[in-house]
Amino acid sequence: MKNWKIGTRLGIGFALVLALLASIAGIGVLRLQNVGNATEDMVQRSLVKERLAAAWLLGTSSNSVRTFALVKSNDAEVQDYLQKNITKTSAGISETQKKLEAMLDSPEEQAISADIKEKRSQYIALRSGILKLKAEGKQDEAAQITNSKLVPMLDVYDASIRSMLTYQAERIDQAAGSIDGLYRSGRSNVIVLAVLALALGAVLAWLLTRSITRPLNEAVQVAQTVASGDLSSQVVVKTRDETGLLMQALKGMNANLAKVVGDVRAGTDTIAAASSQIASGNQNLSARTEEQASSLEETAASMEELTSTVKQNADNARQANQLARTASEVAIKGGDVVNQVVDTMASINASSKK
C-alpha cells in the first residue's frame, strides 16, 4: 500500500467508505420496502378482511334482533318494516361475503369461510321457515322454533364468523410483529454497518494520514537540514509514491548541492592561491613602481634642467636670428652702395673713353 500513489490510496479509501454508505442506504431502502409491503398487506388485506368479517357479524346480529322482534310483533306495519330491513341487510351480507371470499388467500381462511357459508345457509333456511310460519299466523310455533332451534343455530353461526375475526386479528398481530421485526432488523443492520463505516473510515483516515505525513515530515527534515547548511545527511527513499519521488528529488538535490559546494570549495582554494600570488606580484609591482617613481622624479628634474637649457637656447637662437636679420639688412644696404659704386665706376669709365 505504501508504494501506491496518493490518489490511488485516497480513491480506494473513499470508495470503501462510500461502498459501506451505499450498503447502509441499500439495506435501509430494502428494509423500508419490506416494512412498506408488510404494512400494505396488513392495511389493504388483513384489516380489510377483518372489517368485512366484523360487518358480516354486525349485520347478522342486527338481523337476528329484527327476526326476534318480528316473531313477537303483532303489528303488520312493524312486521313489514322489519322484513324489509332483514332482506336489505341480508343482501348486504351477501355482498360482504363475496368481497371477503375474493380476498381469501390461505387454506385456513378458505376453510373458515366455507364453514361460515354453510352455517349461514342453514341459518337463513331456518329463519325463512320461521318467518313463513309467522306469515301464516302460526306465531306460537314460530316463537317455539325460534327459541329452540334458531337461537342455538345463531350462536353457532356467530361463533363461525367470530373465528374469521379471530383469524384476521391473529394475521394482523403477525403482520405487526413482522413489521416490528423488519424495523428492528433493519435498524440493527444500519447501526452495525454505520459503526463499521465509521471504524473503517477512522482506520483508513489514520493509515492514509500516516502514510502521507510521515514521508512528508522526513522530507521537511531533509529540507531543513539542507537549509541549515548540513549536506552530510543520508536521504533514504522508502516508497515509490509521490512522497517517494519527492524524497528521491531531495536526495538528488542534496547530492548535487554537496558536489556544487565541493566544486566551489576547490575553486575557492584555487582562487585563494591565485590571490596569494597576485598579492606577491602586487608587492613586487609596488616596489618596482616605487623605483620607477624615483626614476621618474630624477627624469623630471633632468627634464626641468633640459627645459631650462632649451629655453636659454631658444633665447639665444632668437637673439642670433635678430642679429642675422640686422646683418642681412646691413648686407642689403652694403649691396646697394656697391651697386652705386659700380654705376659710378661705369660712368667714369664711359667718360674716360670719350
Subject >> Residues (exposed (fewer than 11 other Cβ atoms within 10 Å of the Cβ), under 23 Å from Ser211 (Cβ atoms) and not aliphatic (A, V, I, L, M)) located in segment 233-270 >> reply: Gln234
**OP:** Go through segment 217-232 and count every residue that is at pLDDT below 80 and surrounded by 14 or more Cβ atoms within 10 Å (Cβ to Cβ).
**Re:** 6
Subject >> Options Ala38, Ala19, Ala25, Ala69; residue that is modelled with pLDDT of 90 or more and assigned to a helix (DSSP H, G or I) >> reply: Ala69
**OP:** Would you tally the residues in segment 1-16 being surrounded by 14 or more Cβ atoms within 10 Å (Cβ to Cβ) and either modelled with pLDDT of 85 or more or at positive phi (or both)?
**Re:** 0
Original post:
Asp105: surrounded by 13 or more Cβ atoms within 10 Å (Cβ to Cβ), in contact (Cβ under 8 Å) with a residue 12 or more places away in the chain and touching a helix residue (DSSP H, G or I) at 6+ places or on another chain (Cβ under 8 Å), yes or no?
Top reply: no
Original post:
Among the numbered criteria (1) in a helix (DSSP H, G or I); (2) without any contact (Cβ under 8 Å) to a residue 12 or more places away in the chain, which single criterion is violated by Gln234?
Top reply: (1)
Original post:
Can you name every residue in segment 170-184 that is exposed (fewer than 15 other Cβ atoms within 10 Å of the Cβ) and either of a type in the set (A, V, I, L, M) or not in a helix (DSSP H, G or I) (or both)?
Top reply: Ala176
Original post:
Assuming Lys49 fulfils every condition listed in (1) loosely packed, with under 13 Cβ neighbours inside 10 Å; (2) in contact with a Leu (Cβ under 8 Å, 6 or more places away or on another chain) apart from one, which condition is it?
Top reply: (1)
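Conditions (1) touching a Lys or Arg at 6+ places or on another chain (Cβ under 8 Å); (2) among the polar types (S, T, N, Q); (3) modelled with pLDDT of 70 or more; (4) under 30 Å from Ala227 (Cβ atoms), marked per residue:
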{"residue": "Gly262", "(1), (2), (3), (4)": "no, no, yes, yes"}
{"residue": "Arg265", "(1), (2), (3), (4)": "no, no, yes, yes"}
{"residue": "Ala274", "(1), (2), (3), (4)": "no, no, yes, no"}
{"residue": "Ala327", "(1), (2), (3), (4)": "no, no, no, no"}
{"residue": "Gly335", "(1), (2), (3), (4)": "no, no, no, no"}
{"residue": "Val338", "(1), (2), (3), (4)": "no, no, no, no"}
{"residue": "Ile348", "(1), (2), (3), (4)": "no, no, no, no"}
Subject >> Among (1) part of a loop (DSSP other than H, G, I, E, B); (2) over 30 Å from Pro152 (Cα atoms), the one test that Asn74 misses >> reply: (2)
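A quick yes/no check of all residues on (1) of a type in the set (A, V, I, L, M, F, W, C); (2) free of Cβ contacts under 8 Å to residues at least 40 places away in the same chain; (3) touching a helix residue (DSSP H, G or I) at 6+ places or on another chain (Cβ under 6 Å):
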residue	(1), (2), (3)
Lys119	no, no, yes
Ile124	yes, yes, no
Lys132	no, yes, no
Gln139	no, no, no
Ile145	yes, yes, yes
Asp155	no, yes, no
Arg162	no, no, no
**OP:** Determine, yes or no, whether Asp180 is closer than 24 Å to Gln44 by Cα and without any contact (Cβ under 8 Å) to a residue 40 or more places away in the chain.
**Re:** yes
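The values are calculated or read from the model by the stated rules, or taken from the named source; none is laboratory data. From a predicted model like this one, the values you see are computed outputs, not experimental measurements. Glycine gets a Cβ as well: all are built from the backbone with ideal geometry, and neighbour counts include every protein chain shown.
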